[in-house]
Structures are given as structure tokens and as C-alpha cells.
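Novice: I have a structure here, written as C-alpha cells, and I will follow up with some questions on it.
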Amino acid sequence: MTSAAVLLIIPNDMKETFYNLHPAVNLAFFAAVIFLSMFNMHPVCLGIALLCALLNALYLSGRKAAVLSLKFLLPAAFFIIILNPLFNHQGVTIIQYLPWGNPLTLESVVYGFASSAVLFSVVLWFSCWNRVMTSDKLVHLFGRISPAFSLVLSMALRFVPRFIAEFKQVMQAQKQLSPSGKTSLSARFKRGIRVMSVMVSRSMEGSVETADSMKSRGYGLKGRTSYSLYQFTARDGAVLIFILLETAALIALLAFGKMKFRYFPSAKWSEPDGFTIAFYLLYGALMLTPLILNVREGLQWKRLQSKI
């Protein structure tokens, strides 16, 4: 059975297994995979991180991840691949000389691909973060530690999508008020000024209302209690222990130099051995944790349905 077929047989309510875990488990996972994706520049690990991030993003966000990849990530990655060899001339393997006399080296080209892979995977991981780590989860995690910080963080995450939605509404209203047909540049400029004026007024009014509302509810006062939907269960503990142990093992292998790879002045890497293979397997298993949990839950649900 292909992976696409496996995804199709899973009911929608079973695709939220990782999403429904405790926020601390979600936070630990994303902190681990983003850290490892950013600071492990081994080419094989970059490929694993990129593939796993893409699979998770497609699974969690569907077409949104594909659109993000095509519209932003691919052009940005191509720009880095082209730009890096033009300004980075390190390396001993000269392919040819550029028209202005600087050498074009193979090592700088390879490093450009590696840098673009890091950008690609990290942005995809953050798209998964936005899908899983809602403002409610962040408030639950940091509300008792720092109520002000958790409130500001949740408002900041909510501000951008809300601002864009309201901006579209105001812009559409202004277009309806203007006469049909082509408008001059000055008319469009004045309309833009009016839209921005309305948006600034709305933002200031919304911030004042939010401040008054939170103050009236006693937000941040000592001894204030709050209701939470999130309970730390045995399953959450098992997944958290799995993530922490795998992350510790991967960091230990990195610290002992088992995954060394040098790009400059010439490419050099450690000879693969049993530890290297173990690292690859642990690395892939960690980054596929959400997908494994969701698919496993879906297959289990399908098996129970077949027994009815």
C-alpha cells in the first residue's frame, strides 16, 4: 500500500493525533527538529530534514504547503543557490572563472544548495508549527510563568492573519465606494491612505478593548485561576520521553563528531559506520513522529471498524 493510499484511508478526526497531544509535547518536538535542522549541515541529514518537513507540512496543511513551496520557498532557494557562488569564492575545486575574474568553485555551489535546504526545511517546520501550536496552547504553557508575555505572544500571532482579513474587507468596501472603471494614480493613492487610516484606527481600538477586557477579568493578578482543556496523560508522557531521548542521543552523536562534514576548503566527511546509520534512522524517526502517530492511529481506527 502506498503512502498516499494510507493517508486516504484515515478519517479526518484521526488526523489530529499529534495536534491533540499536550502543548508541552508539541513544543518539545518543534524545538528539537528546528534546532537540528538549523545546525546540522550534513548533506544526508539536510535531505532527511527537508523530506520529513515536506511530508509533515503536506499532511498537516495539504495544498497550503504546496502553494507555499511553489510561491515562496522554491524562488528563495533558487536565489540562494545562484547568489552564494557569486559572493563566496572559497574552495579549491574551480569550475571556471566569472566574467569579472572571481573563481566559481564547486564547494561554494554545494554550500549554496545546503543553505537553501536549511531555509526550505526550517520554513516548512514553522508552517507545521503554525498549524499545531495555537495561541491557546502558548497561553497554557507560558500563562503561569509570565502572563504578560503569553498574552503579548498570542496577540502577536493572531494580529497578522486578523489584520490581513480586515484589510481585505476595508479595501473591498473602498473599491465599491469608488466609481467603476479605471482610476488615476492619485485616486488609488488616496484610497490607500484611507484604508491604512481605517486599519490603524481599528488596531488601536482593538488593543484598547483587549486591555480593558483583560483588566476587568483580573488577568495577571496573583492567585487568579484559569480553566484549561489540556491534561497531561500517560500517552503524552511516553511521546515526550521518546522525543527527549532521541534528541539527547542525536546531540550526543553530533558532539562526539560522528556526523562531521566540511565544505571548505574542500569537501570532507567522516567515514560512515554503525553510528552513522543509527543517526540517520533516529533522525528520520524523530522528524516523522507526527506522521507516524497520525498514521498509526488511523490504521488502528480502521482495524477496529473492520471488527464491528
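The values are calculated or read from the model by the stated rules, or taken from the named source; none is laboratory data. As the structure is a computational prediction, the values presented were derived from the model and not from experiment. All Cβ positions, glycine included, derive from the backbone under ideal geometry; neighbour counts span all protein chains shown.
Novice: Before we move on, is residue 266 more than 19 Å from residue 28 (Cα to Cα) and surrounded by 13 or more Cβ atoms within 10 Å (Cβ to Cβ)?
Specialist: Working: more than 19 Å from residue 28 (Cα to Cα): yes; surrounded by 13 or more Cβ atoms within 10 Å (Cβ to Cβ): yes.
Yes.
Novice: Does any residue in region 101-115 that is assigned by TED's automatic domain parsing to the domain that holds residue 46 come within less than 6 Å, Cβ to Cβ, of a residue that is in a strand (DSSP E or B) six or more places away or on a different chain, and which pairs are these?
Specialist: From region 101-115, the pairs are 103/94; 103/97; 104/95; 104/96; 105/94; 106/95.
Novice: Follow-up. Determine whether region 63-83 contains at least one residue that is within 20 Å of the chain's Cα centre (by Cα), part of a loop (DSSP other than H, G, I, E, B) and surrounded by fewer than 16 Cβ atoms within 10 Å (Cβ to Cβ).
Specialist: Going residue by residue through region 63-83, those that are within 20 Å of the chain's Cα centre (by Cα) are 63-78, 80.
Now drop any that are not part of a loop (DSSP other than H, G, I, E, B), which leaves none.
The answer is no, given that none of the residues of region 63-83 is within 20 Å of the chain's Cα centre (by Cα), part of a loop (DSSP other than H, G, I, E, B) and surrounded by fewer than 16 Cβ atoms within 10 Å (Cβ to Cβ).
Novice: Tell me, yes or no, whether region 286-299 has at least one residue that is modelled with pLDDT of 75 or more and part of a loop (DSSP other than H, G, I, E, B). Please lay out each step first, then the result.
Specialist: The first filter runs over region 286-299 and keeps only residues modelled with pLDDT of 75 or more, leaving 286-299.
Then drop every residue that is not part of a loop (DSSP other than H, G, I, E, B), which leaves 288.
Yes, region 286-299 contains at least one residue that is modelled with pLDDT of 75 or more and part of a loop (DSSP other than H, G, I, E, B).
Novice: Do we have residue 203 as surrounded by 10 or more Cβ atoms within 10 Å (Cβ to Cβ), assigned to a helix (DSSP H, G or I) and at pLDDT below 80 here? Before the answer, list the steps.
Specialist: Values: surrounded by 10 or more Cβ atoms within 10 Å (Cβ to Cβ): yes; assigned to a helix (DSSP H, G or I): yes; at pLDDT below 80: yes.
Yes, satisfied.
Novice: Take the residues in region 266-308 that are touching a strand residue (DSSP E or B) at 6+ places or on another chain (Cβ under 9 Å) and in contact (Cβ under 8 Å) with a residue 40 or more places away in the chain, then tell me which one is nearest to residue 42 (Cα to Cα). Steps first, answer last, please.
Specialist: The first filter runs over region 266-308 and keeps only residues touching a strand residue (DSSP E or B) at 6+ places or on another chain (Cβ under 9 Å), leaving 267-270.
Retained after the next criterion (residues that are in contact (Cβ under 8 Å) with a residue 40 or more places away in the chain): 267, 269.
Values: 267: 11, 269: 9 Å.
Looking at residues that are touching a strand residue (DSSP E or B) at 6+ places or on another chain (Cβ under 9 Å) and in contact (Cβ under 8 Å) with a residue 40 or more places away in the chain, I get 269.
Novice: Please give the number of the condition residue 92 fails out of (1) surrounded by 13 or more Cβ atoms within 10 Å (Cβ to Cβ); (2) in contact (Cβ under 8 Å) with a residue 60 or more places away in the chain; (3) on the phi < 0 side of the Ramachandran plot.
Specialist: Here residue 92 meets the rest and fails (1).
Novice: Have a look at 273, 212 and point out the one that is exposed (fewer than 15 other Cβ atoms within 10 Å of the Cβ), acidic (Asp, Glu) and not assigned by TED's automatic domain parsing to the domain that holds residue 42. If you could, list the steps in order and put the result at the bottom.
Specialist: Values: 273 fails: not assigned by TED's automatic domain parsing to the domain that holds residue 42.
Among 273, 212, only 212 is exposed (fewer than 15 other Cβ atoms within 10 Å of the Cβ), acidic (Asp, Glu) and not assigned by TED's automatic domain parsing to the domain that holds residue 42.
Novice: Could you say which residue among 253, 240, 299 is surrounded by 13 or more Cβ atoms within 10 Å (Cβ to Cβ), farther than 17 Å from residue 51 by Cβ and in contact with a Phe, Trp or Tyr (Cβ under 8 Å, 6 or more places away or on another chain)?
Specialist: Details: 240 fails: in contact with a Phe, Trp or Tyr (Cβ under 8 Å, 6 or more places away or on another chain); 299 fails: in contact with a Phe, Trp or Tyr (Cβ under 8 Å, 6 or more places away or on another chain).
Of 253, 240, 299, the one residue that is surrounded by 13 or more Cβ atoms within 10 Å (Cβ to Cβ), farther than 17 Å from residue 51 by Cβ and in contact with a Phe, Trp or Tyr (Cβ under 8 Å, 6 or more places away or on another chain) is 253.
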